[in-house]
1. Quick check: at a probe of 1.4 Å, how many percent of the accessible area of the chain sits on carbon and sulfur atoms?
2. So what is the 222 nm mean residue ellipticity for the chain from helices alone, if each DSSP H run of at least 4 adds -39500 (n - 2.57) and you divide by all residues, rounding to the nearest 500 deg cm²/dmol?
3. With a 1.4 Å probe and all protein chains left in place, how much accessible area per residue does the range 1-86 have, in Å²?
4. Near the amide H of T47, under 5 Å away, which other amide H atoms are found, from residues 5 or more places off or on another chain, if H is placed in the peptide plane?
5. What whole-number distance in Å separates the alpha-carbon centres of the range 125-169 and the range 68-95?
6. Counting alpha carbon pairs within less than 8 Å and at least 6 residues apart, what relative contact order, in whole percent, applies to the chain?
7. Hand me the chymotrypsin sites (Phe, Trp or Tyr not before Pro) from the range 1-110 located in a DSSP loop with no more than 12 other Cβ atoms within 10 Å, in residue order please.
8. Calculate one ³J(HN,Hα) per residue across the range 39-48 by plugging θ = phi - 60° into the Karplus curve 6.51 cos²θ - 1.76 cosθ + 1.60, and present them in order as whole Hz with x for glycine and proline.
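The values are calculated or read from the model by the stated rules, or taken from the named source; none is laboratory data. Computed from a predicted structure; not experimentally measured. So basically every Cβ, Gly included, is an ideal-geometry build from the backbone, and we count neighbours across all protein chains shown. SASA here: full protein model, heavy atoms, side chains in, ligands and nucleic acids out. Shrake-Rupley method; radii C 1.70, N 1.55, O 1.52, S 1.80 Å.
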Amino acid sequence: MDFFLLVVFVLPAYFANALPVVLGGGTPIDLGKTLSDGTRLLGDGKTIRGFIGGVLGGTLAALIISVLFILPGFTFQTQIICGFLLSLGTMTGDSAGSFIKRRMKISRGKSFLLDQIFFLAFALIFAFPFTPSYVFELLPLIFLFALTYLLHIITNIIANRAGLKSVPW
Ligand code: CTP
Ligand code: MG
């Protein structure tokens, strides 16, 4: 298994996940709604602009990657569709993760293992119909989840060093 191919495959999801930090803000997706448990539906960290920016940005990344490189088992078109679905899945999983966190009374911005697992799992499930079978094997899946978790740890340490986050986790 060529791990480089897997990294290229999953890149749109990483772009979709990261871009809302810079593109987000404004009206929250839940429009400020609080559920009967007294906690927000999703919270102020999930905005409409962030969601749309993540989906469009991830898809644009897929377009640029596809101009440069077509992965085995893809055509130009299916690779872009797959990038769009990875991005849409990422943002959906990201919101679903916040929904679960709010129900568990985990406050906004607190790191949670499910953050990473949710966005990648949703991305892969959304993209499944257009994804070649070599991605959906045990070793590639373990690699993708491990890589995603590792990148999460590294980016948090960098954000902390750069003064963007007060704690390195
Ligand atoms: N963001 C956004 N819209 C989204 C997702 C993210 O505007 N749909 C922006 C928000 O400014 C958010 C930041 O990106 O604070 C980081 O995203 P994330 O870590 O997913 O949100 P958290 O603030 O940690 O909130 P939560 O606890 O709900 O995950
Ligand atoms: Mg967060």
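1. Percent of accessible area from carbon and sulfur atoms in the chain: 73.
2. -21500 deg cm²/dmol
3. With the other protein chains kept in place, the range 1-86 gives 51 Å² per residue.
4. Amide H neighbours of T47, under 5 Å, 5+ apart: G25, I29.
5. Using only Cα atoms, the two centres lie 16 Å from each other.
6. It rounds to 23 percent for the chain.
7. Sparse-neighbourhood loop chymotrypsin sites (Phe, Trp or Tyr not before Pro): F69.
8. Per residue, the Karplus-derived 3J(HN,Hα) values read 10, 4, 4, 10, x, 6, x, 10, 10, 4 Hz.
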